[in-house]
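Here is the structure we will look at.
No lab work stands behind these numbers, since they all come straight from the coordinates. None of the values given here were measured: they were computed from a predicted structure. Positions of Cβ are generated from backbone atoms using ideal geometry, with glycine treated the same way; all protein chains shown enter the neighbour counts.
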Amino acid sequence: MLDMDVRVLSQALDWARDGHTLWLCTVISTYGSSPRAPGSMLIARGDGGYLGSLSGGCVEETFIEQLQAGAFDAPATIHRYGDSTEEGARLALPCGGVLEVLIERRAPTAEWLAHLQALRDALLGRRKLIRRVALDVGACRLDDDDGRSGARVSHQAGGVSIRVGPVVRLILAGISPVAEACARFARELGYEVIVCDPREEDCREFAVEGVTVEPTLPSLFIAKGACHEATAVLALTHDPRIDDLAMIEAVRTEAFYIGVMGSRKTSDDRATRLARSGGLSDADLARIHMPIGLDLGSKTPAEIALATIADVMRVHHGRARDTR
């Protein structure tokens, strides 16, 4: 399973190529509790077919009912769900939550197809974009994201801006039971997962659905430009010929998380080895999570994988270890 938003855009492309007028829904703000964050998308056809999620079920059903009743004929509109006590109770939004949703009606033009393709490419790591939608006439455009900090979605007078960036890419340096468990957890989270290992037999036997297997040294794969700023690199084999070389290459990239498995003593020995033989500086070593993952008392491969992927998610969301 691909990340939901990638699936939404892929489906939108297929439907638009088949000539369907589409309604693209984007969560732009939430009040109270909400299962889906701002920026989450849903695509729908006029006959009620849809893919994606706005709230986990209740809002989607109401939206489809409204759409089939002839609502949302304007190029772009903002609709609030759960705003009244009656509607909040009927929709069963959690904790009295309220959603603001941008709803766009798009005909299957060449310009719309190009727009969808660019959005999908951005989620797959090729570009970082800001999508801007004018509410008066529904015009939309894509601008390059300058990388400055800011909310994923912002609503100004007359328009909405939505940041679109890469899905998390997880590169597993080497195959092991822990790597396999990490791959399974990461796929459930919608990450793009790539496993690299020079051992061809191990590559043939690695069978996690939706994972790309590269039969090569991880360090070589990383050195060829495989990492962008939404990439995590995990070395999980206990083999320094694989793990150490992967770390040396990973710290030269913009990967947001770099980690290698091992005990505290093994990690201290590795740090000394990477500094002496690999030429890594103190700043380089500080980027490497070793020991890897959260301290959950993990022992089994699945427990270690859980602690590791949880730490990747923590860093990706910018949370401190002691955040409650």
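If one computes P(r) from the Cα atoms of the chain, what percent of pairs lie at distances over 34 Å?
Considering the chain, 33 percent of its Cα-Cα pairs are separated by more than 34 Å.
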So for R0 = 56 Å, FRET eff. of Arg132-Asp282 from the Cβ-Cβ r, to 0.05, ends up at 0.85
Protection proxy (average C-beta count within 10 Å per residue), highest first, orders 296-305, 58-67, 246-255 as 246-255, 58-67, 296-305
For Ala320, placing the label point 7 angstrom along Cα-to-beta-carbon and taking the range 272-307, residues whose amide nitrogen sits under 18 Å are 294-295
As straight-line cross-link partners of Lys299, the qualifying lysines (C-alpha separation under 28 Å, not fewer than 8 residues apart within one chain) are Lys265
antiparallel share of DSSP beta bridges within the chain, to nearest 5, in %, is 65 percent
Simple SL model, points at 7 angstrom along Cα→Cβ for Asp47 and Ser298; separation in nm is 4.6 nm
By Cβ neighbour count within 10 Å, fewest first, Ser176, Ser161 rank Ser161, Ser176
Restricting to lysines and to Cα separations under 22 Å from Lys128, and discarding same-chain partners fewer than 8 apart, the set is Lys224
For Gly159, the residues 5 or more places away or on another chain with a placed amide H closer than 5 Å to its own amide H are Leu135
Phi-derived 3J(HN,Hα) across the range 170-175 with the Karplus relation (6.51, -1.76, 1.60, θ = phi - 60°), rounded Hz, x for Gly and Pro, is 10, 9, 9, 8, x, 9
Loop-resident trypsin sites (Lys or Arg not before Pro) in the range 180-250 with no more than 11 other Cβ atoms inside 10 Å, DSSP not H/G/I/E/B, are Lys224
Using alpha-carbon positions, the gyration tensor of the range 176-225 gives root eigenvalues a ≥ b ≥ c; with a/c under 1.5 called rounded, otherwise prolate if a/b exceeds b/c, else oblate, the class is oblate
Distance in nm between Arg204 and Ala151 label points, each 7 Å along Cα→Cβ, equals 5.5 nm
Between the modelled labels at Ala71 and Asp239 (7 Å from Cα along Cα→Cβ) the distance in nm is 5.7 nm
Taking the alpha-carbon centre of each part, the distance from the range 268-297 to the range 159-234 in Å is 21 Å
Taking Cα pairs closer than 8 Å and at least 6 residues apart, the relative contact order of the chain in percent is 13 percent
